[in-house]
Amino acid sequence: MNTPTPRAKRHAQTLWSWFWILAGVLYFVVPLIATFDFSLRAKKDVLTFLAYERIFTDAAFWRTFSFSLQMAFFAIVVSILLVVPTAYWIRLKLPRLRPMVEFVSMLPFVVPAIVLVFGLIRVFSGPPFRLTNTFAGTNVLLVAGYVVLALPYTYRAVDTGLGAIDVRTLTEAAQSLGAGWGTIMFKIIFPNLRVAILSGAFLTLATVIGEYTLATFIVGNKAFGPYMSLIGQNRTYESSSLAIISFLLTWAFMGLIQIFNRGRAEGHLAGAR
Amino acid sequence: MSFLTLVDISKTFGATVAVADFNLDIEKGEFVSFLGPSGCGKTTTLRMIAGFELPTTGNITLDGADITFQPSNQRNVGMVFQAYALFPNMTVAQNIGFGLQVRKTPPAEVRRRVDEMLTLIHLEEFASRYPYQMSGGQQQRVALARALAIQPRVLLLDEPLSALDAKIRVELRLEIRRIQQTLGITTVYVTHDQEEALSLSDRVVVMSRGRMEQVGTPYEIYNYPTTEFVASFVGQLNLLPIANLDRDARSCTLAGQPIRFEHSGDRPISDTPRLAIRPEEFWLGDGQERNLLRGRVETLIFLGAIIRVRVDIGDGVLISADLFNARSLNLPRVGDEVLVSFPVHACWLI
C-alpha cells in the first residue's frame, strides 16, 4: 500500500481546514440569511422591506428603543463612576483583593437575572427605599440592575485597561508633580482608560438594549427587550426584521470597539519601535 | 544646618527590615548617590524622601522643615522613575507643563517654562510628540524636564538609566550631571551601577541589607573602602588568604611568598584577615617598593581597553591582574611563568 507523500498530506490538511471554516460560516450565516429572507416576505410572492417599514413607523419601537438607550446611558455612567475608581484603588492599594473582586464581578453570570430582579423588587418595594412605587423609582431600580448585569463586562474591560498602564508609577509621578486624587483620576487615569471604558460601555449598551427579564418585571413594556418579545409573539414578519435590526445594532457596537482597539494597538506598535 | 537631613530612619515591611539606622546630611546643590545591590533599601529610602513611603522610625527635614508626614504632592520634590512614567495621553509639552498646570501657573508662564525645559534637554522639535513616538532615551530626558519644570527643592532619580542601552546610558549620564550642575539642584540618585555612582556624584552612600556601609566621595569609596562589602562591591578586588601575619612588621606571606603592606583600613581586621588588592595595581615584572609574586598564567580575558590576566601563584591561589591594552604590550601566553608585582602601599588587610 502506498503511503501519502508530504505534499499530498499537506493538500489534505488544507482541504480539511477549508471544510471546517465553511461549516462554521454556514452554521452562523444560514440562520441569519433565513431570518433576513423571511423578514422580506411580508407580502405574498414579493420580496419587500414592508416589515421593516412597519417597525420603523411604529411609535412603540422608537419609544421603547429611546427608553432603553436612556437606561443604557445612565447604566454606563454609573458603571464607569463605580468601577473605574474601585478597580484603580484595588490595583494601587489592595492588589491582594483582586481575585476576590474578580469573583464578585462574575456573580451576575452565576446568579440568574430572575433571581436578581425578585431580590431587587423585594428589597426596594418597602421601607426605607420604596422605589417600586414611582416611575422614577423603577427607572432607578432598572439602572441599578443593569449596572449589576454589566459588571462582568465593565470590570473586566477596565481592569484589563489598568493592566496595560503602569498605574502605580503614573500615580506617583503625578503626585510628585503636585497632583491630588481628583486630578490623577480625571487627567491621568480616565484618559488613559478611554479605550477600555468605551469597550465596557459598548458591551453594556449591547447587553441593556436587548435585556428582557429585569425590564419586564421592573418597568414592563416601556423597554425595548419586552417590546421585541411582544412583537415576536404577535407579528411574524416584523419579529424577524426586529431580530435582524437588533443583530445589526449589536454588530455595530462590536465594530466600534474594534475600531477604537485598532487605534490603541497602532499606538503601542509605534511605541515599540 | 544641612538642606536635606535623614535622622534615624528605618522602614520595616512586616518582619522584613528594608532600611535601618539611616542617618544622612545632604548639602544644598549636592549630588548624592545611593549605591547598592537589589534589595539593599536604596529605593525605599528614596521613596521615603519622596513621600511615597512613611518611615517606621525617624524623621526627614528639608530646608529646616520636618516633611516626614507631609503628603508627597505637597513636598515640591521632583522624581524621575526607571520606567519614565510619562503620561501616555499627553504630548511632550503637556507632560512637561503638567506640574505647572496643577499649580495653576498662568498659561503664558507654562509655555515659557516648557520651552526653557525643552531647550535644556535639547528636544525643542519634539514638543508635540507623544511618548510612544519617542525612544527610551528621549522619553527619559522628557521625564527629567518634567521633574525640573516645577523647580523642585530636591530632584530624586530612581535608577533612571537602567532601562536604556549602554551607549545612551553614558550619554544621558553626562547630560544629567550637566543639567544638575547648571541648575545647582540638590539631587539624590539611586543606582546599582557603580560606574554611574562614581562618575556622577559628589558623595556616594554605599548600602547593603538596609544599612549604610560607607559614605564618602567617589575617590574615598574606591580607594579607601572601610568594609569588605564596599571593597568588593565597588570595583574589582582580589581578596587573598594570607599566613604568618606580623602586624608590627606589617608583613605576611601569600601562597608562601613574602608580602609587605602599609595600611589596614580604618575598621578592625577580621579574625581571618585577607589581603585586598585592586587588579589594576598589578603589573608584569618587578620594580622598587613593590611586592613580587611568581606564578603561572591560567587565563587571559580580553575586555577591550583592559586585558585581565589570571595568575596561579601556588597553593590554589589565583590573582586577577588588569593590564591596559596597548599595541606595545608584551602579553604572556597561557601556561607561561610570570613575575607579577604591586606597590606596597596598594594592598591592605580586611
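Things worth noting here:
- P(r) histogram, all alpha-carbon pairs of segment A:6-89 included - 5 Å bins from 0, percent: 3, 11, 8, 9, 9, 10, 10, 11, 10, 8, 6, 4, 1
- Inverse of mean 1/r across different Cα pairs in segment A:88-221, Kirkwood, Å: 16.8 Å
- From largest to smallest, the equivalent ellipsoid semi-axes obtained for the protein assembly as shown from the alpha-carbon gyration tensor read 69, 33, 23 Å.
- Rounded D (µm²/s) - segment B:4-231, Kirkwood Rh over Cα pairs, Stokes-Einstein at 4 °C, 1.567 mPa s: 72 µm²/s
- Debye log10 I(q)/I(0) at q = 0.14, 0.19, 0.20 Å⁻¹ for segment B:113-266, Cα point scatterers: -0.79, -1.18, -1.26
- Of all beta bridges that DSSP places with both ends in the protein assembly as shown, some 75 percent have antiparallel geometry.
- Ordering B:85-92, B:308-315 by mean Cβ neighbour count within 10 Å, with the highest value first, yields B:85-92, B:308-315.
- Order by protection proxy (mean Cβ within 10 Å, highest first), peptides A:108-114, B:24-30, B:229-235, B:11-17: B:229-235, B:24-30, A:108-114, B:11-17
- Antiparallel bridge percentage (DSSP; both residues within segment B:4-231; nearest 5): 50 percent
- Looking at segment A:1-155, the pairs of alpha carbons with a distance over 23 Å make up 67% of the total.
- Gyration tensor (Cα) of segment B:19-96, equivalent ellipsoid semi-axes in angstrom: 24, 17, 13
- For chymotrypsin sites (Phe, Trp or Tyr not before Pro), the sites in segment A:162-269 that DSSP calls loop and that have at most 16 other Cβ atoms within 10 Å are A:Y212.
- Exposure proxy order (Cβ contacts within 10 Å, fewest to most) of A:L94, A:L256, A:L142: A:L94, A:L256, A:L142
- Tilt relative to chain B, helix B:92-102 - C-alpha long axis, 0 to 90 degrees, to 10: 70 degrees
- Nearby lysines by direct alpha-carbon distance to A:K93 (threshold 24 angstrom, same-chain neighbours under 8 apart not counted): A:K187, B:K11, B:K42
- Estimated FRET transfer efficiency (A:W20, A:E102; beta-carbon r; R0 30 Å; 0.05): 0.35
- Per-residue ellipticity at 222 nm from helix content only, as computed over the protein assembly as shown with -39500 (n - 2.57) for each DSSP H run of at least four residues, stands at -15500 deg cm²/dmol.
- Karplus-derived HN-Hα couplings along segment A:120-126 (A = 6.51, B = -1.76, C = 1.60, θ = phi - 60°), whole Hz, x at Gly and Pro: 4, 5, 5, 6, 9, 9, x
- Between segment B:38-68 and segment B:198-234, the alpha-carbon centres lie 20 Å apart.
- Hydrodynamic analysis of chain A uses the Kirkwood radius over alpha carbon pairs. Inserted into Stokes-Einstein at 25 °C and 0.890 mPa s, it gives a translational diffusion coefficient of 111 µm²/s.
- The stretch between B:A65 and B:L300, if pulled fully straight at 0.36 nm per residue, gains 79.0 nm over its current Cα-Cα span.
- Counts of other chain beta carbons within 10 angstrom of each beta carbon in peptide B:69-76 average 4.
- For the peptides B:335-341, B:94-100, the ranking by mean Cβ contacts within 10 Å, running from highest to lowest, is B:94-100, B:335-341.
- Modelled spin labels at A:I33 and B:L318, positioned 7 Å past Cα toward Cβ, are 7.5 nm from each other.
- Over the Cα atoms of segment A:164-258, the radius of gyration divided by the Kirkwood radius equals 1.25; this is the Rg/Rh ratio.
- Cα long-axis angle, helix B:107-120 against chain B (0 to 90 degrees, to the nearest 10): 20 degrees
- In nm, spacing of pseudo-spin labels at A:D58 and A:L92 (7 Å Cα→C-beta vector): 4.8 nm
- Note on B:89-102: average number of Cβ atoms from other chains within 10 Å of each residue's Cβ is 3.
- Each 5 Å bin from zero holds the following percent of Cα-Cα pairs in segment B:59-186: 2, 11, 21, 23, 21, 13, 7, 3, 0.
- Rounded to whole Hz, the Karplus (6.51, -1.76, 1.60) HN-Hα couplings of segment A:212-220, x for glycine and proline: 10, 4, 4, 4, 4, 7, 9, 10, x
- Orientation-averaged projection of segment B:236-349 equals 7.3 nm² [convex hull of Cα atoms, one quarter of hull surface area].
- Listed residue (B:L161, B:S208, B:M117) projecting farthest to the positive dipole end of segment B:4-231, Cβ model: B:M117
- In this structure, A:V77 and B:Y224 have a Cβ-Cβ separation that, at R0 = 56 Å, corresponds to a calculated FRET efficiency of about 0.25.
- Computed from the Cβ-Cβ distance with R0 of 41 Å, the FRET efficiency linking B:E195 to A:L69 stands at 0.05.
- The mean sequence distance of close C-alpha pairs (under 8 Å, at least 6 residues apart), as a share of the length of segment A:58-264, puts its relative contact order at 30 percent.
Each value in this text was obtained by applying a stated rule to the coordinates, not by laboratory testing. Only a predicted model underlies this, so the values are computations on that prediction, with no experimental measurement involved. FYI the Cβ positions are ideal-geometry reconstructions off the backbone, even for glycines, and counts take in every protein chain you see.
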